Structures are given as C-alpha cells and as structure tokens.
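Structure first, then comments.
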Amino acid sequence: MKNQDLLNLDSFETDVAMHKLKMSYLDLVNIYIQRIEKLDSKYNVFITKTFDLARKQAKFTDNHPTEVYLPPYVLKDNIITRGIKTTCASKILENFTPTYNATVYNKLNKNNGILLGKVNLDEFAHGASTENSVFGPTKNPWDDSRVPGGSSGGTAAAVALRMCKIGFGSDTGGSVRQPAAFCGVVGLKPTYGLVSRYGLVAMASSMDQIGPIATNINDAILGFINIMGFDPNEATSVDTEPKNYWPILKKPKVKKIGVPEEFFGEGLDKEVKKTVQVAIDDLQKCGYKIEKISLPHAVEYSVAVYYIMQTAEVSSNLARFDGVKYGYSTHNKSKDLKDVYMNSRGQGFGEEAKRRIILGTFVLSSGYFDAYYKQAAKVRYKIKEDFDKAFEKVDVILTPTTPTLPFKLGAKTKDPLQMYMADLYTAPANLAGIPAISVPCGYVNNLPVGMQLMANSFNEDLLFDVGYNYEQSHNWHNKIPII
Amino acid sequence: MKITKKQIEYLSNLARIELSTSQKKLFSFHISDILDYVEKIKKVKTKKELYAPSLNFWAQKDEVQDYDRSELLKNAPEVEDDQIKVKAVFKNQDFDL
C-alpha cells in the first residue's frame with residue numbers, strides 16, 4: 001500500500017492500515033500537509049494553515065493513544081480558536097485572534113484532534129458558493145470553473161480533495177449539505193441544540209448548527225459524535241442521552257421513506273431529478289418501503305420565510321461588529337462615535353453582509369414587523385407542522401439536496417435572489433430544527449449529485465441507517481476528483 | 001414592494017452602516033426584488049408562530065468568566081492605560097444644559 005492510498009480509506013480502515021505499516025500520526029499528518037501544499041494554490045481552500053500545531057498535536061497523539069481515533073481535520077473559519085486567527089472570510093475580522101475556544105474545538109482537542117487549518121467560506125456564512133470571501137473563491141474539486149457550493153465550500157472542497165478526512169462546517173439554511181452535494185461528499189446538519197453553538201460566530205441563532213463533512217457515512221458519524229453533547233455555555237443546548245449511531249449493514253432500522261412530491265417540481269434540474277429518482281429505486285431494492293407524501297408549505301415558502309427570519313437575526317447578530325472592541329476600525333479616522341460605527345461597518349463588511357443587514361433591519365422596523373417578521377414566524381410554524389404530520393407516517397424523508405448541479409463561478413453573483421434559491425430544499429430542515437444529511441447519489445457529466453435525507457429531531461441514527469445502506473450498495477464515496 | 005433609495009438611506013442609518021451611492025441604488029433594486037418574492041407568505045392564514053425550534057430553553061447562571069486582559073486588548077483598535085479607548089459618547093453641548 002502506498003501512502004497516498006491511505007487518503008481514500010475511512011478512519012477505521014486508516015487506523016488498521018497505520019498499525020500494519022507501523023506509521024505514526026506524525027507520518028499521517030505529513031502526508032496530508034504534502035497534499036494540501038500541492039493542491040491549495042489551485043483550489044484556494046485554506047485561509048489559515050496550522051501545520052506546526054498539527055505536527056505538535058500529532059506527536060502528542062503518538063505518545064498518548066486514545067480509544068477514539070480521530071483523523072486530522074479542518075474547521076470552517078467561523079468557528080473560533082484561541083490564538084489562531086478566525087476571519088469569517090471578512091475584512092472586518094481579517095486580523096482577529098479569538099481569546100477563547102468554541103466548545104466544538106475544545107471537544108475535538110480533548111479527543112486528541114489534529115487541526116490542519118481554518119478553511120474558506122462565504123463572508124459570515126452568507127452565501128451558497130464561497131464566492132463572497134475576502135480571500136477569493138474556492139474552486140469545485142470536480143471542475144475548477146465551478147463553485148464548490150457554500151457557505152462551507154472550503155470544508156467540502158478540503159474533504160473531496162482528500163486534504164483531510166473530516167471537516168466541520170456550519171449550516172444555517174443548507175451551508176453544510178449544499179456544498180457537500182456540490183463536492184460529492186457527505187454533509188450532516190444535526191438536530192438544533194445537539195451540537196453547541198458556543199464559539200460559532202452567530203449568523204441566525206435560531207437555525208445555526210455545526211455539522212461534519214466527510215467522504216463517507218462512518219466518518220461523518222465519527223465527526224458528529226466527537227462534537228455533540230450538552231454545553232452549559234449555550235442556552236439552547238439540549239441535554240440528551242447519545243444514541244448508538246452506528247448503522248448495521250442490511251439490517252435497516254428505518255421502515256418507510258417518504259418522498260414529498262413538492263421537492264420534485266418546478267425549478268429542479270432534469271438530470272438531478274433523474275439521478276435522485278434512480279437512488280429512490282435503489283433504496284427500494286435495499287428493502288426500504290417508499291411512500292409518496294406531501295409537505296405543502298416547505299418548498300413553496302421556505303426560501304421566503306428563511307430570508308426574512310435569517311436576515312432579521314443577521315442584522316441583530318452582526319451589530320456587535322462596531323469597530324470599538326475588536327476587528328476593523330476607523331477609530332483614528334472618524335470624528336465621533338457614530339462615525340466610527342458607520343465607517344467601520346461600511347468599510348469592513350462586504351456587499352452581501354450589508355444587503356442582509358439592511359433587509360433584516362427593514363423586516364424588523366416599525367410598521368413592517370408584523371407584515372414580514374411575525375408573518376414569517378407563522379409560516380415557519382406551518383412548515384414545522386407539515387414535518388410533524390409527515391413523521392407520523394414515515395421515518396425518513398428523501399429529497400434532492402440542491403435544485404441544480406454545481407454552477408459556474410460568477411453565474412449568480414449579480415442576482416442575489418437566484419443565489420438564495422440554492423437553499424430551496426435545505427432551508428426547511430433549519431426552519432423546523434430537524435436533522436438532515438446529504439449523501440452522494442450519482443454523477444451527471446462528472447459533476448456530483450446529492451440526495452437529502454431528513455428525520456425527526458434526535459433521529460440522526462435513522463439518517464445514518466439509510467445513508468450507510470445506500471452507500472454500501474454503491475461506490476460513489478470511493479470516486480475521487482481527478483486533479 | 002418597492003423600496004426607494006431614500007428608505008435605504010433611512011435603514012442604513014438605523015443599522016449604522018455607511019453605504020456608497022451605487023450600493024444604495026443596487027440595494028433598493030435587490031431588496032425590492034426580494035420583497036416581491038417573499039410577498040407570497042401573506043397568503044398563509046394561521047395564528048400560531050414559531051420563532052425558534054426551541055426544544056428546551058433554560059436560563060444560564062450569571063457568572064463572571066476570566067479572560068486574559070492583555071490577550072483581549074490585543075484585538076482592540078486603540079488602547080490607553082490598559083483600557084480600550086472610545087470616542088466621546090457625549091458631546092460638549094450635552095453638558096451645557
């Protein structure tokens with residue numbers, strides 16, 4: 001076995017292979033570093049490389065073996081890390097170094113995690129293409145003239161390019177699942193409250209969740225169990241007993257999979273539709289019962305509700321960046337305090353962040369609050385109700401993850417509403433707080449297609465059950481982009 | 001719903017964000033476009049509301065956490081005597097009353 005072959009194994013197989021080859025973690029980290037150095041200039045994945053730290057952490061792991069094997073990983077650069085720059089891909093935080101750790105990072109450190117670096121995203125996670133980054137766009141590993149999706153495009157691209165086995169992103173309206181689908185990898189958005197948001201730079205607090213991205217289901221589970229769990233620092237954190245998340249091949253727990261017709265209508269690319277339909281037939285062959293269901297409000301209203309409630313929360317959460325305590329500031333050039341606010345924010349935020357803050361300020365402003373924000377909350381209730389009814393009949397819901405194949409760089413940057421439509425199938429799960437996963441289910445002209453599985457709150461194990469049984473009857477997770 | 005450049009200016013002041021002339025024009029166009037799209041939510045008639053999928057909100061204890069002061073100050077734009085320097089909050093005339 002060659003060293004490079006290790007990059008294609010899952011974490012457990014890697015562990016076994018390392019023992020056989022008498023390899024240390026330091027050796028493994030050096031293989032990844034070599035790979036990153038070779039590919040990063042072409043794909044623009046990393047904002048900050050932490051190779052010295054990774055080597056140090058690897059040496060520590062070599063001397064302190066643990067039972068939980070955690071392969072080298074990357075973090076989206078909106079998860080804060082003490083002493084390591086956390087930029088949110090923005091000018092306003094370009095030189096910001098946090099003074100404490102996100103809970104997720106603390107948990108990974110506790111389990112001998114090895115951090116390779118902080119990776120690219122849309123500024124403050126606002127976007128579906130990783131083009132809104134002050135550090136330039138990340139390229140799609142399957143076709144470098146296309147976007148990797150977003151906003152966790154750096155994380156998904158890093159995993160697809162085998163620069164790491166597991167990456168962590170954040171998902172507010174699809175920002176883990178959509179780039180996972182566009183890069184041909186697995187991406188999970190956990191149940192709201194299961195993974196601590198403490199130290200995740202807040203975008204829309206009622207929807208944000210950190211989730212793992214990996215090439216296969218087992219590594220996604222490994223990533224998930226390493227970051228989940230109650231956190232006293234987070235007021236929406238849920239204290240619940242972890243389940244046994246490991247699936248069993250050919251012994252499906254899930255009986256019925258629901259397919260909502262609304263997710264296969266207008267706006268869905270024909271080739272994506274065909275690919276997902278083949279996957280549904282294959283699942284039937286795996287022994288799952290498929291049932292047609294209806295979610296009347298989800299697709300019809302989710303993007304509208306999402307872009308009202310999310311921007312409202314963005315306008316409030318991003319108010320803290322004011323040029324006073326940290327971040328980009330015009331303190332020395334402004335005449336008074338208001339000027340410091342106006343100019344630091346005006347010069348420090350990119351166009352999309354500003355657009356969302358302005359729109360969010362509008363929907364919360366006097367005279368419009370009831371018509372927009374409050375009305376959106378009502379429709380959000382209806383969307384949740386649709387899911388509650390559906391889960392009385394089926395265990396898992398299956399849809400396409402994205403309406404289109406990965407699009408060309410620059411194709412949607414001039415038309416924000418078109419960009420927002422990328423969230424069409426993913427935003428409903430965030431609005432309802434339920435877990436959802438994107439699993440690779442085929443290729444069209446060598447571009448990946450993802451299918452989305454959604455389950456009721458806390459039923460991540462059911463998503464892994466279907467995902468794993470599907471994955472093992474195909475070979476999509478072993479397909480690697482030709483570089 | 002049409003959002004005018006003047007409304008954008010009003011919102012930019014509320015949100016404390018300076019916008020360029022071209023941004024004001026662009027945002028008035030984009031936000032009008034987005035508001036036209038979201039208009040459809042008004043068709044849904046229902047009373048119940050959902051603001052967050054809160055499964056169990058609970059109150060945190062009010063506890064002081066310790067941070068390294070010098071580490072915190074490293075990020076500050078302007079520091080004087082170990083404190084963050086801020087522009088005057090009150091203008092002179094505020095005290096003339």
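Each residue in the stretch A:340-353 was checked for being open to solvent by 10 Å² or more (accessible area, probe 1.4 Å), more than 8 Å from chain B (Cβ to nearest Cβ) and either touching a Ser or Thr at 6+ places or on another chain (Cβ under 8 Å) or part of a loop (DSSP other than H, G, I, E, B) (or both), and 1 of them qualify.
When residue A:140 is tested against (1) surrounded by fewer than 24 Cβ atoms within 10 Å (Cβ to Cβ); (2) on the phi < 0 side of the Ramachandran plot, exactly one condition is not met: (1). Residues that are among the aliphatic types (A, V, I, L, M) and open to solvent by 60 Å² or more (accessible area, probe 1.4 Å) were ranked within the stretch B:71-83; the one that is farthest from the other protein chains (Cβ to nearest Cβ) is B:79. Restricting to the stretch A:409-442, name every residue that is in a loop (DSSP other than H, G, I, E, B) and under 13 Å from the mean Cα position of the chain (by Cα). Selection gives A:426, A:435. How many residues does the stretch B:10-38 hold that are open to solvent by 70 Å² or more (accessible area, probe 1.4 Å) and more than 8 Å from chain A (Cβ to nearest Cβ)? Matching residues across the stretch B:10-38 total 6.
Residues that are under 21 Å from the mean Cα position of the chain (by Cα) and at pLDDT 95 or above within the stretch A:56-83 comprise A:72, A:73, A:74, A:75, A:76, A:77, A:78, A:79, A:80, A:81, listed in sequence order. Residue A:289 falls short on exactly one of the conditions (1) more than 10 Å from chain B (Cβ to nearest Cβ); (2) under 30 Å from residue A:371 (Cβ atoms), and that condition is (2).
Kindly evaluate residue A:303 against the criterion of being at the interface with chain B (Cβ under 10 Å from one of its Cβ atoms), of a type in the set (Val, Ile, Thr) and open to solvent by less than 30 Å² (accessible area, probe 1.4 Å). So residue A:303 fits the description; yes. Within the stretch B:61-68, the presence of a residue that is hydroxyl-bearing (Ser, Thr, Tyr), facing chain A (nearest Cβ under 7 Å) and open to solvent by less than 30 Å² (accessible area, probe 1.4 Å) is excluded. For the stretch A:359-371, a tally of residues being within 7 Å of chain B (Cβ to nearest Cβ) and touching a residue at least 24 places away in the same chain (Cβ under 8 Å) returns 2.
Taking the conditions exactly as written (open to solvent by 20 Å² or more (accessible area, probe 1.4 Å), at pLDDT 95 or above and either small (Gly, Ala, Ser) or in contact with a strand residue (DSSP E or B) (Cβ under 8 Å, 6 or more places away or on another chain) (or both)), does residue A:120 satisfy them or not? Here the answer is no, as residue A:120 does not meet what is asked.
Of all residues in the stretch A:317-331, those satisfying the criterion of being open to solvent by 50 Å² or more (accessible area, probe 1.4 Å) and at the interface with chain B (Cβ under 7 Å from one of its Cβ atoms) are A:325, A:326.
Looking only at the stretch A:221-247, residues that are surrounded by fewer than 20 Cβ atoms within 10 Å (Cβ to Cβ), farther than 24 Å from residue A:79 by Cβ and at pLDDT 90 or above come to 3 in all. Contact map, the stretch A:449-475: first residue in contact (Cβ under 8 Å) with a residue 40 or more places away in the chain, second residue part of a helix (DSSP H, G or I) and of a type in the set (Lys, Arg), Cβ cut-off under 9 Å, separation 6 or more or different chains; pairs are A:450/A:177; A:452/A:177; A:473/A:285. The set of residues in the stretch A:248-285 being among the β-branched types (Val, Ile, Thr), open to solvent by 50 Å² or more (accessible area, probe 1.4 Å) and in a helix (DSSP H, G or I) consists of A:278 alone.
Cβ-Cβ distances below 8 Å connect no pair with a first residue in the stretch A:1-27 that is under 21 Å from residue A:479 (Cα atoms), a second residue that is open to solvent by 90 Å² or more (accessible area, probe 1.4 Å) and of a type in the set (Asp, Glu), and a separation of six or more residues or different chains.
The values are calculated or read from the model by the stated rules, or taken from the named source; none is laboratory data. Values in this document were obtained by computation on a predicted structure and should not be read as measured data. Glycine gets a Cβ as well: all are built from the backbone with ideal geometry, and neighbour counts include every protein chain shown. Note: accessible area is taken over every heavy atom of the protein model, side chains too, but ligands, DNA and RNA are not part of it. Shrake-Rupley method; radii C 1.70, N 1.55, O 1.52, S 1.80 Å.
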